[in-house]
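The values are calculated or read from the model by the stated rules, or taken from the named source; none is laboratory data. Everything numeric in this text was worked out from a predicted model, so none of it was measured. Note that we place each Cβ from the backbone using ideal geometry, even for glycine, and neighbour counts take in every protein chain shown. To get the accessible areas, we keep the full protein, side chains included, count just its heavy atoms, and leave off ligands, DNA and RNA. Shrake-Rupley method; radii C 1.70, N 1.55, O 1.52, S 1.80 Å.
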Amino acid sequence: MFEREREREREREREREMAMLGSKPNPQIFSSRRPPFVSSRHVAPLSKPSPPPRFLSTPALRLRGRSCAPFSSKIMSSLLSAPPETLQWIAPPPHPTYDLHQVIRLALQEDVGNLGDLTCLATIPSETQAEAQFLAKEDGVVAGIQLANMIFHEVDPSLKVEWVVQDGNLVRKGLLFGTVVGEARSILTAERVVLNFMQRMSGIATATKAMADAARPARILETRKTAPGLRLIDKWAVLIGGGENHRMGLFDMIMIKDNHVAVAGGIKEAIAAVNSYLIENNLDVAVEVETRTLDEVREVLACVTKGTGQVTRVMLDNMVVPLASGDVEVTMLQEAVKLINGKLETEASGNVTLQTVGKIGATGVTFISSGALTHSVRALDISLNVDTDLALAVGKRTSRA
């Protein structure tokens, strides 16, 4: 009787916590304990940890290998034989209010609903153990490994996860690059949520890597054109792919765009208003101004020269003109960069593609921003398979492995 009462109290505690998320808990997945997520660069020990709490903020991982660089089969062989050691991960960008654990919980909750994974409950005995392997079905940059571990530990902290790559590595089609071992129900319940995040993040990282390599010496930025609710995760994938983050949101940078200029009455008026606001509120944040013509660039420079405004970066928007041949004309962009002459950071935007980014980068701009990195992402094809031999055979039959 006392045991039943204690169980009811634990259930009530879980319900109180989940009420904050607007849904009832699924006792098959969620526990009531959850420490806050630490959004900072951290080191995860690769030695076997003590049993972690269900909502582990930085789960212990096991990974074989040292290299962060893209690898060949020769490097792959050395990764497999390397001893476990401490690994430093690429941390997600900081955000004052974003709760990564809540995002994971909601993703799991929308999948299991109020009854759990009915197929697993019907077909798999609770004590059944399984081993599943991650298979790359096309070439790309893998991202989301750290997030995958967090999801697996959220579902079942007893699952053991091993990787032969890390976030930012190149994976080749047909490569088995990770293994998860434990209760079969837990693995299959977590499978789709893990893959949804990993495939999206890897697609972003792959596109970012290609764009960043082609843009040098300019540096690639994403924008705020991210999937609602997934901004930190999308921007994390950009970092993993070798890009840099633009502003996280409306709160961490002032960006005077064309609509602000129109409402304020002009560039000069908008810059003066921003300057007054920063002084009155004792704020020290970066200020960027969007320009569309060379005259607008001159207006910004005049404000900076006269000391009537604090500006750190000029956006040179749509100064890249597409041609019928598929090439681009960058004369206006070059003239703008020459006018600014290193006094301020410069950011080119508009008509940025993998084919045009090299020519844009050669103009001398500091940054090139591309919304397509996150708003038009194509997911990288990755699967998680218990029967790996059969998955490889089917993959070869369909040219997907």
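Taking LYS235 as the residue in question, decide whether it is of a type in the set (Lys, Arg), in contact (Cβ under 8 Å) with a residue 40 or more places away in the chain, in a helix (DSSP H, G or I) and open to solvent by less than 40 Å² (accessible area, probe 1.4 Å).
Yes; evaluated as a whole, the condition is true for this residue.
Please state which one of THR293, THR308 is open to solvent by 20 Å² or more (accessible area, probe 1.4 Å), of a type in the set (Val, Ile, Thr) and touching a helix residue (DSSP H, G or I) at 6+ places or on another chain (Cβ under 8 Å).
On the way: THR293 fails: touching a helix residue (DSSP H, G or I) at 6+ places or on another chain (Cβ under 8 Å).
Sole residue among the options that is open to solvent by 20 Å² or more (accessible area, probe 1.4 Å), of a type in the set (Val, Ile, Thr) and touching a helix residue (DSSP H, G or I) at 6+ places or on another chain (Cβ under 8 Å): THR308.
Six or more apart or on different chains, Cβ under 7 Å: which pairs go from a residue in the stretch 102-125 that's under 15 Å from ASP156 (Cβ atoms) to one that's among the basic types (Lys, Arg)? Could you list them?
Within 7 Å, the pairs are ASP111/ARG192; ASP117/ARG185; CYS120/ARG185; ILE124/ARG185.
Might you let me know whether the stretch 276-290 holds any residue that is part of a helix (DSSP H, G or I), at pLDDT 95 or above and closer than 19 Å to ILE340 by Cβ?
no
How many residues are exposed (fewer than 14 other Cβ atoms within 10 Å of the Cβ) and of a type in the set (Gly, Ala, Ser) when one looks only at the stretch 118-151?
Count: 2.
Would you be able to say whether some residue in the stretch 46-59 is under 18 Å from the mean Cα position of the chain (by Cα), at pLDDT 50 or above, open to solvent by less than 50 Å² (accessible area, probe 1.4 Å) and closer than 29 Å to ALA227 by Cβ?
Among the residues of the stretch 46-59, not one is under 18 Å from the mean Cα position of the chain (by Cα), at pLDDT 50 or above, open to solvent by less than 50 Å² (accessible area, probe 1.4 Å) and closer than 29 Å to ALA227 by Cβ, which makes the answer no.
Suppose we filter the stretch 99-116 for residues that are aliphatic (A, V, I, L, M), open to solvent by 20 Å² or more (accessible area, probe 1.4 Å) and outside any loop (DSSP other than H, G, I, E, B); how many remain?
Summing the residues that are aliphatic (A, V, I, L, M), open to solvent by 20 Å² or more (accessible area, probe 1.4 Å) and outside any loop (DSSP other than H, G, I, E, B) in the stretch 99-116 gives 2.
Residues are listed down the side, and each one gets a yes or a no for (1) in contact with a Leu (Cβ under 8 Å, 6 or more places away or on another chain); (2) of a type in the set (Val, Ile, Thr); (3) within 12 Å of PRO93 (Cβ to Cβ):
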{"residue": "GLU222", "(1), (2), (3)": "yes, no, yes"}
{"residue": "PRO228", "(1), (2), (3)": "no, no, no"}
{"residue": "HIS246", "(1), (2), (3)": "yes, no, yes"}
{"residue": "GLY249", "(1), (2), (3)": "no, no, yes"}
{"residue": "ASP252", "(1), (2), (3)": "no, no, yes"}
{"residue": "MET255", "(1), (2), (3)": "no, no, no"}
{"residue": "ASP258", "(1), (2), (3)": "no, no, no"}
{"residue": "ALA270", "(1), (2), (3)": "no, no, no"}
{"residue": "ALA273", "(1), (2), (3)": "no, no, no"}
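So which pairs qualify, if the first residue must be in the stretch 247-272 and closer than 13 Å to GLU296 by Cα, the second must be assigned to a loop (DSSP other than H, G, I, E, B) and polar (S, T, N, Q), the Cβ gap must be under 9 Å, and the two must be at least 6 apart or on different chains?
That search, which allows pairs on different chains as well, returns LYS268/THR308; ILE271/THR308; ILE271/GLN310.
For SER202, are the conditions met, namely being assigned to a helix (DSSP H, G or I) and free of Cβ contacts under 8 Å to residues at least 60 places away in the same chain?
Here the answer is no, as SER202 does not meet what is asked.
Within the stretch 354-373, restricting attention to residues that are in a loop (DSSP other than H, G, I, E, B) and more than 25 Å from ARG298 (Cα to Cα), which residue is most open to solvent (accessible area, probe 1.4 Å)?
Start the filter on the stretch 354-373 by keeping residues that are in a loop (DSSP other than H, G, I, E, B), which leaves 354-356, 362-366, 370-371.
Pick out the ones that are also more than 25 Å from ARG298 (Cα to Cα) and you get 354-356, 371.
Values: LEU354: 86, GLN355: 150, THR356: 11, GLY371: 12 Å².
Filtering first and then ranking leaves GLN355.
Could you check the stretch 192-232 and list, in sequence order, the residues that are open to solvent by 50 Å² or more (accessible area, probe 1.4 Å) and within 28 Å of VAL181 (Cα to Cα)?
Residues satisfying the conditions are ARG192, ASN196, ARG200.
Go over the candidates ASN318, ASN351, ASN281 one by one and state the one that is open to solvent by 20 Å² or more (accessible area, probe 1.4 Å), touching a Gly at 6+ places or on another chain (Cβ under 6 Å) and polar (S, T, N, Q).
Working: ASN351 fails: touching a Gly at 6+ places or on another chain (Cβ under 6 Å); ASN281 fails: touching a Gly at 6+ places or on another chain (Cβ under 6 Å).
Criteria check complete, one pass: ASN318.
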